[in-house]
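The values are calculated or read from the model by the stated rules, or taken from the named source; none is laboratory data. Since the model is a prediction, treat every value here as computed from it, not as a measurement. Quick reminder, even Gly has a Cβ in these numbers, built from the backbone with ideal geometry, and neighbours come from all protein chains shown. Just the protein is used for accessible areas: all its heavy atoms, side chains included, with ligands, DNA and RNA removed. Shrake-Rupley method; radii C 1.70, N 1.55, O 1.52, S 1.80 Å.
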Amino acid sequence: GLLMYGIPNMKLDKQEIVLRRIRHMEQEGIKFICNANVGDNVEPQIFLKEYDATVICTGATQPRDLPIEGRSLKGVHFAMEFLTANTKAVLANKGPSPINAAGKDVVVIGGGDTGTDCVGTSMRQGCKSLVQIEILPKPPMERAADNPWPEWPKVYKMDYGQEEAAARYGADPRVYLTTVKKFVGDEQGQVKELVTVEIKWEKNDKGQFIPKEQPGTEKTRPAQLVLLAMGFLGPEQALLKELNVEVDPRSNVKAEYGKFATSIPGVFAAGDCRRGQSLVVWAINEGRAAARECDRYLMGSTDLP
């Protein structure tokens with residue numbers, strides 16, 4: 001899944017880590033069926049009929065889109081499209097990725113680990129220039145008063161992608177408190193530039209912070225490749241709808257942490273599809289815990305940790 005294709009090779013070696021672990025699991029008796037998209041080319045009800053227990057671990061891969069003028073232009077891609085295509089090309093070793101940053105002005109919209117991976121991958125493909133746009137303000141250099149230890153420090157830092165870009169171009173590629181208003185294309189329908197505007201976070205009449213555009217701050221930036229890395233909305237819904245599994249207000253599978261049981265007896269859920277987009281360590285934690293609860297359901301008790 002994402003460990004194999006979504007995370008770039010420079011961060012996670014596939015042969016020595018991912019494939020080695022898969023081979024171990026195969027030797028333990030696990031059967032992997034590839035090219036099986038449950039809810040698409042595989043009937044979900046099969047699992048309820050033929051198996052005593054099922055665990056849903058589909059992740060939360062539905063990306064947040066940016067439905068503005070010019071969104072349909074060629075060269076505007078979701079981050080995972082770009083990262084997956086690159087990893088497949090690297091593993092196949094048969095030439096460059098079909099979505100390639102070589103010689104192009106690249107704009108990454110969004111931050112986080114996915115945005116950083118887009119920056120690092122674009123650098124390795126040989127981009128001409130790179131800008132990373134963030135709608136949030138630049139974090140402080142030191143902890144704020146409302147962010148005391150031992151909370152995670154919400155302070156400014158550069159990840160590997162920004163460090164590499166800064167070493168090449170002389171500065172952190174991130175632009176803060178900025179959003180994109182529209183994409184502009186050429187006569188062939190290829191994106192050539194985009195228009196950004198600075199924003200300020202202000203409270204509305206309900207006390208909610210919302211972004212307000214600042215007049216006179218519009219700027220046109222060159223871009224032949226735009227990568228949307230603005231986070232994820234939740235799991236793909238086709239499988240969940242066909243199984244008629246209850247979901248929470250965020251569209252994640254509704255299953256209590258520690259129990260992992262869904263609204264359907266014998267069906268469990270773990271990882272991003274249950275908790276929302278998160279880290280690999282949480283996926284490992286929830287996978288092990290869901291296996292324990294699955295064992296308890298099947299056997300009446302469990303010895304699993």
**Report entry** the chain: calculated mean residue ellipticity at 222 nm from DSSP helix runs of at least 4, using -39500 (n - 2.57)
**Finding:** -8000 deg cm²/dmol
Query raised in the report: residue 68: accessible area at probe 1.4 Å, nearest 10 Å²?
Result: 40 Å²
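Restricting attention to the range 237-305, which chymotrypsin sites (Phe, Trp or Tyr not before Pro) occupy a DSSP loop and are surrounded by at most 12 other Cβ atoms within 10 Å?
Numbers: sites: 257, 260, 268, 282, 297; in loops: 257, 260.
In loop regions of the range 237-305 (DSSP not H, G, I, E or B), the sparsely surrounded chymotrypsin sites (Phe, Trp or Tyr not before Pro) are 257.
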**Report entry** Those aspartates and glutamates that a straight Cα-Cα span of less than 19 Å connects to residue 212, excepting residues fewer than 8 apart in one chain
**Finding:** 69, 134, 198, 202
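Excluding residue 130 itself, calculate the net charge of residues whose Cβ lies under 15 Å from the Cβ of residue 130, where each Lys or Arg counts +1 and each Asp or Glu counts -1.
Working: positive: 104, 124, 128, 168, 174, 221; negative: 105, 117, 134, 159, 163, 164, 172, 193.
Neighbourhood net charge equals -2.
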Query raised in the report: From the backbone phi of the range 293-305, what are the Karplus-calculated ³J(HN,Hα) couplings (6.51 cos²θ - 1.76 cosθ + 1.60, θ = phi - 60°) in whole Hz, Gly and Pro given as x?
Result: 5, 5, 4, 4, 5, 6, 9, x, 7, 8, 10, 6, x
Requested in this report: Using amide H atoms built 1.01 Å from N in the peptide plane, name the residues 5+ places from residue 192, or on other chains, whose amide H lies under 5 Å from its own.
Outcome: 184, 185, 186
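For 64, 221, give the ranking by accessible area with the largest first, probe 1.4 Å. Let's see the in-between values first.
On the way: 64 100, 221 35 Å².
I get 64, 221, largest accessible area first.
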**Report entry** Total formal charge among the other residues, if their Cβ is under 13 angstrom from that of residue 102, Lys/Arg +1 and Asp/Glu -1
**Finding:** +2
Query raised in the report: Whose amide H sits under 5 Å from the amide H of residue 55, counting only residues 5 or more places off or on another chain, with H placed in the peptide plane?
Result: 268
Query raised in the report: Fully extended, how many nm does the chain gain between residue 30 and residue 142 (0.36 nm per residue separation, minus their Cα-Cα distance)?
Result: 35.5 nm
Requested in this report: Can you send over the solvent-accessible area of residue 142, 1.4 Å probe, protein chains only, in Å² to the nearest 10?
Outcome: 140 Å²
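Which sequence of 24, 77 reflects their accessible areas, 1.4 Å probe, from the largest down?
Values: 24 70, 77 40 Å².
Most to least solvent-accessible, the answer reads 24, 77.
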Requested in this report: Please report, in whole Å, how far the alpha carbons of the range 68-134 spread along each principal axis, starting with the longest.
Outcome: 35, 24, 21
Query raised in the report: So what's the gap between the Cα centers of the range 66-122 and the range 269-305, to the nearest angstrom?
Result: 32 Å
Query raised in the report: With the contact rule set at Cα under 8 Å and sequence spacing of 6 or more, what percent relative contact order holds for the range 1-104?
Result: 32 percent
Requested in this report: Convert each backbone phi in the range 125-139 into a coupling constant with the Karplus relation 6.51 cos²θ - 1.76 cosθ + 1.60 (shift: θ = phi - 60°), then list the ³J(HN,Hα) values in order as whole Hz, x for Gly and Pro.
Outcome: 7, x, 5, 6, 8, 8, 10, 10, 9, 10, 7, 8, x, 5, x
Query raised in the report: What relative contact order, as a whole-number percentage, does the range 175-305 give when Cα pairs under 8 Å and 6 or more residues apart are counted?
Result: 13 percent
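Tell me, what is the per residue accessible area of the range 1-152 in Å², probe radius 1.4 Å?
Working: 9260 Å² over 152 residues.
Per-residue accessible area for the range 1-152 comes out at 61 Å².
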Query raised in the report: Using alpha-carbon positions, what is the distance between the centroids of the range 248-265 and the range 169-190, in Å?
Result: 39 Å
Query - Solvent exposure, largest accessible area first (probe 1.4 Å, DNA, RNA and ligands not counted), of 152, 201 - result: 152, 201
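Take every Cα pair under 8 Å in the chain that's 6+ residues apart, average their separations, divide by the length, and report that relative contact order as a whole percent.
22 percent
Give, as a single signed number, the net charge of other residues whose beta carbon lies under 13 Å from the beta carbon of residue 297, with Lys and Arg counted +1 and Asp and Glu -1. Provide the component values of the computation, followed by the final result.
Working: positive: 259, 292, 296; negative: 52, 293, 295.
So the environment of residue 297 carries a net charge of 0.
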Query raised in the report: Looking at the range 35-128, which chymotrypsin sites (Phe, Trp or Tyr not before Pro) are in a loop (DSSP not H, G, I, E or B) and have at most 15 other Cβ atoms within 10 Å?
Result: 51
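For the ranges 287-295, 32-40, 186-194, what's the packing order if you count other beta-carbon atoms within 10 Å of each residue, average per peptide, and put the highest first?
Values: 287-295: 17.9, 32-40: 10.2, 186-194: 15.2.
In decreasing order of mean packing, 287-295, 32-40, 186-194 become 287-295, 186-194, 32-40.
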Query - Amide H partners (placed H, <5 Å) of residue 128, local residues excluded - result: 103, 104, 105, 106
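Tell me, what is the per residue accessible area of the range 203-296 in Å², probe radius 1.4 Å? Display every interim value, and only then the final one.
On the way: 5230 Å² over 94 residues.
Per-residue value: 56 Å².
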Report summary line: Residue-ordered couplings for the range 230-235, obtained by feeding phi - 60° into the Karplus form 6.51 cos²θ - 1.76 cosθ + 1.60 and rounding to whole Hz (Gly and Pro as x), are 9, x, 10, 8, x, x
Query raised in the report: Roughly speaking, to the nearest percent, how much of the range 93-190's 1.4 Å accessible area is carbon and sulfur?
Result: 56 percent
